[in-house]
Amino acid sequence: MPHGLPSPPSTDLAYEQAACGLLTTDSHGRILKLNETFCGWLGYSTAELLASRLPSLLTMGSRIFHQTHWAPLLEIQGSIAEVKFEMRCKDGRTIPVMLNAIRRVHGSERFDEVAVFVAEDRHKYEQELLRARSAAEELLKKSTAAQEALAQAQARLDGESSRQRAAAEDRALFAEQMMGIVSHDLRNPLSVVSLSGHVIGRGALDVMQSDALGRIGKATARANRLISDLLDFTQARLGGGISVKRKPLALHAFVRDLVLELGAAYPGRTLTPGAEGDGDCEGDADRLSQLLSNLIGNAMTYGNPQSEVRVTSRIQPQVFELCVHNDGDRIPDNVLATLFEPMVRGPGVKTIGRSIGLGLYIVQEIARAHEGHVSATSTEADGTMFTVTLPRQVETPARI
Amino acid sequence: MDIRKRNNVNVTGHGLSTMVFAHGFGCDQSMWRLLAPAFADRYRVVTFDLVGSGMSDLGAYDVAKYDSLHGYAEDLNEIVDEFGTGKIIFVGHSVSAMIGMLADIKAPGRFAAHMMVGPSAAYINDGDYVGGFEREDIESLLRTLESNYLGWSSNMAPAIMGAPDQPELGVELTNSFCRTDPDIAKHFAKVTFTSDHRADVPKLQTPALVLQCSDDLIAPRSVGEFFEKTLPNGTITVIDNIGHCPHLSVPGASAKAMQVFLETAGL
């Protein structure tokens, strides 16, 4: 013993009163030797525990674990550490314990040296951890459920909005069909009005009556044009496009006649025809009249009333052009960009004239039906020019 | 699907017939290290880990599939088909004895013989049948499992999964043979100890040896007697052993009893 240090208790006493329970068992778990600390914890005397088996001191759950984990591990590894069991005291209480064991061979016998530690505090701490863990798992479950509910709600909303979109499309389709039907049915009463006007016109009328009859005639004609625009619109939108019947056309004469005829409808305004080039052309005369009358109507409405409106027919090698020009305010670029879409109206004009915004759309559709196109340019200096470019002849696809 | 990886299948030994060893609840195929070598000179020896145990692919653990022993039985038949040659002799410890029995009943003819080490057809007492446990004992086991797996953490998984090129990782782990994911261990414990396959035992026509320990908490003598009465083609051999793992504690006596059975059966 080094000088100056106190002498510790004997080894025997140190064993008996060690800070942990100490056991020696044979390989079947029978207790051969044990210390006072262990006996004290369980409330047994040394004699009561000698020759009893270690597993018999455990609760049933611990005994199963001892059989399925402890015993094979000890066989395979020769030692085992930090296994937690519940031990049953003499008075029936259970105490949580941690066990370490090591297998030793003395001569022909195998012995297990076991150290036992009471683990009350650790046990409580672990219980807290386990409770916290199950609380966390519970929360996770709730949060997962909430997320699932959210995803389902989202899916429902998505379904809802696509249903709404489909419903809106249905409504739009219905409205367009409705427009076609109503326009068609309006023609009959209008033709009655028009016919009756003619009948009345044959009799003797005073000046006021004659003026009124003139207004009836103009209003009826305007209503008829409106209806045929609406019908063309619905045909273009729903019926796969406007149909045309192409026939040989004396283009310049056709345009000159039309300009003369339409000029009468705009008293006080100048409508000038122009012709360039020569050659055969094909087109649907009715549709092209409609096209030109729409463009000329626009030019009269939006153009400078003091300036002439010029209508030019121009025959080129492959195509022919119909150009309608007027002076006046420039059409802004943003308006120009959407000019040929339905329901778009020129700037600064409210409900004057016949426009409900279908005219240029129909012009475009007629041009397309002729496999051509329409374009518009507008500048302050040169005024506004609409140019319809159509092929002179459409070749019938060769049959093979 | 890679069955070798899923079940960490290992093949050793040489012979015309194949012995397939399946471990029980708790540890892994290392349990066979003292017994299987006794057969390696005459048989092809296949050992593996049940999915969820040892170095099996924990990612393959499908709670629904392994909610009964039938899921494990399907795996066993796949292992036998892929790794077995010649006659197949199945050695199942504890719960795996029942897994082998279910696999056989699913596809009769696959196995030439069963050797059941400490089997139990049902663990919970029921009327005259003494399985050895009450329902609350199983609850108590689940609590014990829970507190013993506290030290297991998910970042140990790669080491447990075994990186063959880094064996030093495995060395540091104590108790590694019995470690696995705590949730899987609990589920497997519940499935094992609440299983009841008493009604299936009479369906096993294949010759079967029941290796019964003289003193076994998990599979008491009463259970061995049940098998003796119920197995159509069974042989019971009682080994003098205290505990549930005679293949570890008395490997010599266990091997001897098995060899006697195999000779009698002409295998």
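A compact table of results
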quantity: Test for residue B:217: is it within 11 Å of another protein chain (Cβ to nearest Cβ), surrounded by 16 or more Cβ atoms within 10 Å (Cβ to Cβ), in a loop (DSSP other than H, G, I, E, B) and under 19 Å from the mean Cα position of the chain (by Cα); calculated: yes
quantity: Residue count for the range A:240-291, restricted to those that are assigned to a strand (DSSP E or B) and closer than 22 Å to residue A:306 by Cα; calculated: 4
quantity: Leading residue by the ranking (surrounded by the fewest Cβ atoms within 10 Å (Cβ to Cβ)) among those in the range A:66-87 that are more than 7 Å from every other protein chain (Cβ to nearest Cβ) and part of a helix (DSSP H, G or I); calculated: A:77
quantity: Sole residue being outside any helix (DSSP H, G or I) and under 21 Å from residue B:37 (Cα atoms), chosen from B:238, B:210; calculated: B:210
quantity: Options A:33, A:90; residue that is among the basic types (Lys, Arg), touching a strand residue (DSSP E or B) at 6+ places or on another chain (Cβ under 6 Å) and either assigned to a helix (DSSP H, G or I) or more than 14 Å from chain B (Cβ to nearest Cβ) (or both); calculated: A:33
quantity: For residue A:50: the one exception among (1) surrounded by fewer than 22 Cβ atoms within 10 Å (Cβ to Cβ); (2) of a type outside the set (Ser, Thr, Tyr); (3) within 14 Å of chain B (Cβ to nearest Cβ); calculated: (3)
quantity: Single residue of A:98, A:178 found to be without any contact (Cβ under 8 Å) to a residue 60 or more places away in the chain, part of a helix (DSSP H, G or I) and surrounded by 10 or more Cβ atoms within 10 Å (Cβ to Cβ); calculated: A:178
quantity: The range A:56-65 - residue that is buried (at least 22 other Cβ atoms within 10 Å of the Cβ) and part of a helix (DSSP H, G or I) and, of those, farthest from the other protein chains (Cβ to nearest Cβ); calculated: A:57
quantity: Single residue of the range B:229-245 satisfying the filter (within 24 Å of residue B:105 (Cα to Cα) and surrounded by fewer than 14 Cβ atoms within 10 Å (Cβ to Cβ)) that is nearest to the other protein chains (Cβ to nearest Cβ); calculated: B:229
quantity: Residue list for the range A:107-136, restricted to those being among the acidic types (Asp, Glu) and more than 10 Å from chain B (Cβ to nearest Cβ); calculated: A:109, A:112, A:113, A:120, A:121, A:128
quantity: Any hit, the range B:173-186, residues being of a type in the set (Phe, Trp, Tyr), outside any loop (DSSP other than H, G, I, E, B), more than 14 Å from every other protein chain (Cβ to nearest Cβ) and in contact (Cβ under 8 Å) with a residue 60 or more places away in the chain; calculated: no
quantity: Unmet requirement for residue B:248, which otherwise passes all of (1) more than 18 Å from residue B:125 (Cα to Cα); (2) more than 14 Å from chain A (Cβ to nearest Cβ); (3) assigned to a helix (DSSP H, G or I); calculated: (2)
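Since every read-out is calculated from the coordinates, none of them should be taken as a lab result. Just so it is clear, the structure is predicted and the values come from calculations on it, not from any experiment. Counting neighbours? That spans all protein chains shown, and the Cβs are built from the backbone with ideal geometry, glycine included.
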